[in-house]
Structures are given as C-alpha cells and as structure tokens.
Amino acid sequence: MSATDRYSVLFEPVPIGPVTARNRFYQVPHCNGMGHVRPQAEAAMRGIKAEGGWAVVSNQETEIHPTSDLAPYAEGRLWDDRDVPALRLMTEAVHDKGALAAVELAHNGSHALNHMSRAPIFAPSDAAVENGIPRQARAMDKQDIRDLRRWHRAAALRARDAGFDIIYVYAGHNMTIAQHFLLPHMNHRSDEYGGSLENRVRLTRELLEDTREAVGDTCAVAFRFAVDEMLGADGMQATEEGRAVVEMLADLPDLWDVNVAGWPNDSATTRFQPEDGYQNEYISFVKQVTRKPVVGVGRFTSPDTMVSMIRKGLMDFIGAARPSIADPFLPKKIEEGRVEDIRECIGCNICVSADSLGVPIRCTQNPTMGEEWRRNWHPEIIAPKDSDTGALIVGAGAAGLECALQLAKRGYDVTLADAADAAGGRVLRESRLPGLSAWMRVADHRLYQLGQMSNVRLFLQSNLTAEDVAGLDVRHVFLATGARWRGDGLGRSTHRTPPRIEAGAAVFTADDIMDGRLPPKGPVVVYDDDQIYLAGVIAELLARNGHDVTFVTPASVVSPFTQYTLEQDRVQTRLMELGVTIRCNGVLISQDATAMRVACTYTGRTEEIAATSAVMVTERIRETALYDALKQQGGLQTLELIGDAASPALIADAVHSGHMAARNFERAPQDIEADWYRREITSLNGGRGE
C-alpha cells in the first residue's frame, strides 16, 4: 500500500454546514501575539498554513466588544466595522490557498480585565477576578445579557462580511463568559440563567441560535467546548455535565470543536503529557451523541495515529495548534508521502510563551514561525546560493545543525564539525533529562535532512583549533560552539555580591549532571538562579535517583519562567510530590563541605541548609576561544558566532540564530541592518481612525 493510499482517509472532503473542508486537517484557533496589533503578520502566517494543506485555518479568540478587552495581549478584535479590513487580510490569504477561514468570536467575561477600555467586568455573578487586580466583576443583569447577545450577533455579521466561512461560539479554557455561565462555582444565579444545568446552558444555546439565524445560511457555526475541567468532582466532568451539555446541544452547531480546560490542560507540555492523543479519553463520547462533525486535538504528530482516530470514529477532523506551528506543511507532506520530512512538535510551549509575553509567536522546531511577513521567511523555501563558495560550521548543536541545513538547501557546500561523539549539543544532553526526550526531535529532524544531502559533510570527534581551520582553506566560518554552565554560583541575583565557594565544597554544574556525573548520596542543594526550566528538571532527576534534595531559588516560586509555558504549577507540584524541599526567596552567599548559606531576598536574614554537595544552575559562559583565536589570526571573509556562543538563551533562540545566519549569508551588512524586519506602523490619520 502506498503512503497516499495508507493515509487517503485524511484527505477526504468533509461538509460543515453550508461549507465543505477539502480534507480532515483543521488548524484550531490559537493565539499568536499578532492579532489586531499586527494584522499583516497574522494574515501571512495563517496563509502559510493554508498553503501547507490545512483545510480549515482559524484565527484566535476575537474580542467582540470593549467589555471583553484582553489588552495587553494582541488577540483578534471585532468591536466595530473598522476592524473588518484587518481581518479580511487573513481570510483573503487563506482563501487564496484554497482553505476555509474560521473566526473564534469571544466575550471573555471576567477573564477580560479591560485594562485598556476600563469597561466594567462582566460575570454570571459578583466575584473577584483573576490575577489579583483591585477590581471585581459584576453580575450581568438581563439588559447586560441582551446586550451581549446583540454584540455577538453583530460580530458574527461582521465576521461574515470579513470573509470568514466558519464562525465560532466559544465556551472553553475557563476563559469565556459562555463557559463561566456553565460552571456552578462561577454561576450563583437564581434566575433562568442559573441553578440547573439546563438554565446554565441557556446563554450558550441563545448565542448558538443567534449566530445561526444571523449567518447560518452562508457560514458554518462551530462550538468550541471544554467537556472536562480535569478537576474530578471539583469541576465539570466529561462523564457527567460535560456529556449532558453535548446531549442538550447535539445538533445545534454545525461542528463541535471539543477539548479540555483550562489552557494548561489543553496545551499540556510534553514533560507532563508525553503521548499524542492525550485528550481522547475525555472527548471520545462526543461523536456518539451528535450527528455533526467533530474536531479534536492532542498534539498529534503521527499520521498513523491520525488515521486511527478517524477509523475509530473518535473525530472527523484532526485538530492541531502546536503541530501546525511546528510544521505548517504537515498535511502536504503526508499527502505527498514525505512523512519523514515532518518537523514534529516537541511540546515545549515556547509558542505559548510568546503570547503570554505579548510578542509575536515563535517555535523551537520552526524558526520561520512569526517571521512570514516580518522577514518574508517561508518554512519550505529559501533563496538559492549567491556563489560557489563553501562554509564551515563548528558545533553540531541546535544552531549549527539549522545553519548547516539551510546553507545546504541554498546549495552551498557545507562542512559541519563537532568535538563530541554524537551530534545534537545541548539538545542531545537535555533530552536525556526526565520528560524531555521529545526535544531530541530538534536534532533528529535536521540530522535526517542533512543525511539526504550530497553537499554536506559531518565530522564528529573533531575538536578543531584555529590552526586546523586555517589548514582547511575555508573563507566562511560559523561558530556554534555553545556555552557551558558555570559552577561558581554567579548569576542574576549575585553579581553585586559574588558568592564564596569554599575549599572542599562538592559543587556540580548542570553540565556535570547532564553528562551523568551525579553527586554522592547525602543532602544536595540544587541552586536555581537561572529561573527558567533546567534546575527543576535536574532536581526531579536527582530526587528520582534517591537523593535528598533541597531546591533553593531567589525567586518566589520554582522555575518562574514556566508560568509562560503553562506548566509552573505542575513543575512545583511534581517536586513536592517527589519529596523535594523547596526554599524560595533565598540568595546564595556561600557553599562549603557541609552546608549552603543563603540570605532572604527581602530581609537579608541568613540561614544554613545542610548540603554535602550542591548543583549550581545560574549562568552560562560562552565558548568563544576558537572565535577569539580565529579573529586574531584573520584571513576569513565570514567569522560569525551563532546560537548560545553568540547569546545563551532558549533552544528556540539558537535555532532561530542559525537560521538567520544562513539566510543572511553573503548579504551586505548594510542591507541586513536596513532590512532587520518590517514593522506595522500605527496610523496617525487622526479622528476615529476612519
């Protein structure tokens, strides 16, 4: 059986109300940090998805009114007619590539804090709002509900006029007013919108009916619904009220887009949900209840798994957000029998972190994500070479592999050398830590692609010196030599007062742990002044290895950066369940053979923590010795640091650095500087913006 026949079920057209999807690949709504602030970038990114074969391409939650203001986050916006042209950019880009465009209309209730609009915050009942701001949501009265329905209907009409084919009613992720009305802990009403489940469903039913009446003759009406909060008896469960809601509304929408709540559950990282299809057990009942098509998600990357989901009758569409980000051309590669070329999502949630930080989306696997309009980068196309020269890349980690791959795709002869026994650099080493095995996909994908190319040579166990490089007769050198973790405790909190590492102290670095050199048994402190993710994973490894672990950090929580990747609660919970003692708000003063001395970040009070060894996870030192020697030696036309050797950061940043270096190779420096990237400049035409 050919690959085309094997996966043919994935390429069957599927009707959705009055429209038809060309295949079963459905990019579900996902945020991207562009939205109404950067509509041209948004349109270009979504258009690439359509070009890559996705039959339906959705935008993200789209505000319908100033009382649902999500600022400072750049989501979609349909407050009035002036928002239509920006959204039409997206629908035209998607239609141009043969896909359907979907819009996720949303009133976010008490999740919308209205920082910019300063509008009252709406909720089913009076209640404090999230994030600890000094405002409370007010209970919606009957006029508020009538207004909400009117706003939603008007937004649906605008969405139709903007060219959308599918229009959502959204009740998911614990983020929308429709879902808030469904949840008894948020809905304490005693009128026809509260109390029984039938009453709590009333608003959702009305929104669906209003939307169908307004646009249902030409647009499909989709319902995005979280069937389970994954809180057991403390929340909505798929086996009880979740199923009952589907039964009540079974054939009212044209499509069911089902998932779990909240967002950290729906977009769980691979560290805590390692398998494809992890939501199946919660959503499997839906197709038994409704005759309408169903889309489900679960970070699907395997086409065989996708086929299985369809054959088993679990869903009609393969929904994806993160896999469509990692590889916008995933459907086309399956259709063309190029499954091995897919850039598989690693579930790191760096895409999510960008939205959480209010900046354009990015991806560890796909460095072109978010750069489609800004830099005119295409995930599958790169400009051909400008000359017959070749390049040497030293370091086969994330940056070096990506740089080598893209230079080779351009047609250059590439020599790639690494001192280690195996390629992968920090990706290889970090992938050996608990829960991070999928991260090796970053290296595996690039190594496979490089292995298919005749213009690439890879040399391992090659610890090159400046003299070695000179003997290779190359004129263009990229150094991806990485960075090493320091062991002296110096980090973001200790530069003013460097800590003391006393004689006899058993101090290990993060590199030691990843290389398999573990502390002896006895109390060990993991000191985290990096405050990203690595120290938490190392603490987990040591605890699982039987060590008595204390986790010390100057931060107020464990691994605070992981709040942006939706896993901080899980990280801290995991360590506590493993018996790790957690000491927050502690800055390292000294470490000796028996104890670590720390000071409170607030009061300066000191304490000693028993520790016969310590693991320092603080800062990295760039490996630039070869660069410095080559710079002094001279004679090269190109000498460039990339990845962690240029600026230690996330793996995603290293991949992006290597990609940019390859794109910019042989371009004039002044052109690179002048063409850093395009910006979407706010109009200054005055008035109301007409």
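The values are calculated or read from the model by the stated rules, or taken from the named source; none is laboratory data. This structure is a prediction, so every number in the text was calculated from the model and none was measured. Cβ: placed from backbone, ideal geometry, glycine included. Neighbour counts: every protein chain shown.
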Of everything in region 445-480, what is in a loop (DSSP other than H, G, I, E, B) and farther than 11 Å from residue 630 by Cβ? Give them in sequence order.
452, 453, 454, 455, 460, 461, 462, 463, 472, 473, 475, 480
Please tell me if residue 661 is assigned to a helix (DSSP H, G or I) and surrounded by 15 or more Cβ atoms within 10 Å (Cβ to Cβ).
yes
All but one of (1) assigned to a helix (DSSP H, G or I); (2) under 21 Å from residue 350 (Cα atoms) hold for residue 33, so report the exception by its number.
(1)
From 320, 261, grab the single residue that is crowded, with 24+ Cβ neighbours inside 10 Å, touching a residue at least 24 places away in the same chain (Cβ under 8 Å), more than 24 Å from residue 177 (Cβ to Cβ) and touching a strand residue (DSSP E or B) at 6+ places or on another chain (Cβ under 9 Å).
320
Considering region 369-401, residues that are aliphatic (A, V, I, L, M), more than 20 Å from the chain's Cα centre (by Cα) and not in a loop (DSSP other than H, G, I, E, B), and then whichever is nearest to residue 470 (Cα to Cα), we arrive at 392
Reported set for region 77-88 where residues are in a helix (DSSP H, G or I) and buried (at least 20 other Cβ atoms within 10 Å of the Cβ) is 83, 86, 87
Taking region 587-646 and keeping only residues that are outside the structural domain of residue 427 (by TED's automatic domain parsing), without any contact (Cβ under 8 Å) to a residue 40 or more places away in the chain and in a loop (DSSP other than H, G, I, E, B), one is left with 594, 602, 603, 604, 605
Restricting attention to region 570-586, report how many residues are within 30 Å of residue 358 (Cα to Cα), surrounded by fewer than 14 Cβ atoms within 10 Å (Cβ to Cβ) and either in contact (Cβ under 8 Å) with a residue 24 or more places away in the chain or of a type in the set (D, E, K, R) (or both).
0
Restricted to region 632-658 and to residues being among the polar types (S, T, N, Q) and within 22 Å of the chain's Cα centre (by Cα), the residue surrounded by the fewest Cβ atoms within 10 Å (Cβ to Cβ) is 647
Going through region 457-495 in order, the residues found to be charged (D, E, K, R) and over 22 Å from residue 389 (Cβ atoms) are 484, 486, 488, 492
What residue, among those in region 36-64 that are under 19 Å from residue 330 (Cα atoms) and among the basic types (Lys, Arg), is surrounded by the most Cβ atoms within 10 Å (Cβ to Cβ)?
46
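Quick test for you: out of 243, 200, 299, pick the one residue that is over 27 Å from residue 160 (Cβ atoms) and either in contact with a Cys (Cβ under 9 Å, 6 or more places away or on another chain) or in the same structural domain as residue 439 (by TED's automatic domain parsing) (or both).
299
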Given the options 20, 67, name the one that is in the same structural domain as residue 303 (by TED's automatic domain parsing), surrounded by fewer than 17 Cβ atoms within 10 Å (Cβ to Cβ), over 18 Å from residue 373 (Cα atoms) and in contact with a Pro (Cβ under 7 Å, 6 or more places away or on another chain).
20
Of all the residues that make up region 536-566, how many are touching a residue at least 40 places away in the same chain (Cβ under 8 Å), closer than 22 Å to residue 522 by Cα and touching a Ser or Thr at 6+ places or on another chain (Cβ under 7 Å)?
1
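Please list, ordered by residue number, the helices (runs of 4 or more DSSP H) wholly in region 228-343 having 1 or more residues that are under 23 Å from the mean Cα position of the chain (by Cα) and closer than 24 Å to residue 9 by Cα.
280-283, 303-311, 322-326, 330-335
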When the residues of region 549-592 are filtered to those that are within 28 Å of residue 31 (Cα to Cα) and among the charged types (D, E, K, R), which remaining residue is farthest from the chain's Cα centre (by Cα)?
574
Out of 115, 152, 95, I need the residue that is part of a helix (DSSP H, G or I) and either of a type in the set (A, V, I, L, M, F, W, C) or farther than 25 Å from residue 194 by Cα (or both). Which one?
95
Sort out which residues of region 112-155 are touching a Lys or Arg at 6+ places or on another chain (Cβ under 9 Å) and over 18 Å from residue 186 (Cα atoms), and write them in order of number.
114
Taking the residues in region 89-127 that are in contact with a Pro (Cβ under 6 Å, 6 or more places away or on another chain) and buried (at least 19 other Cβ atoms within 10 Å of the Cβ) as candidates, determine which candidate is farthest from residue 47 (Cα to Cα).
104
I'm trying to understand the selection: among the residues of region 402-444, which are within 19 Å of residue 651 (Cβ to Cβ), assigned to a loop (DSSP other than H, G, I, E, B) and among the hydroxyl-bearing types (Ser, Thr, Tyr)?
431
Just to be sure before I move on: is residue 495 free of Cβ contacts under 8 Å to residues at least 12 places away in the same chain and not assigned by TED's automatic domain parsing to the domain that holds residue 272 in the structure I sent?
yes
Within region 525-557, residues being touching a strand residue (DSSP E or B) at 6+ places or on another chain (Cβ under 8 Å) and closer than 20 Å to residue 347 by Cα number 4
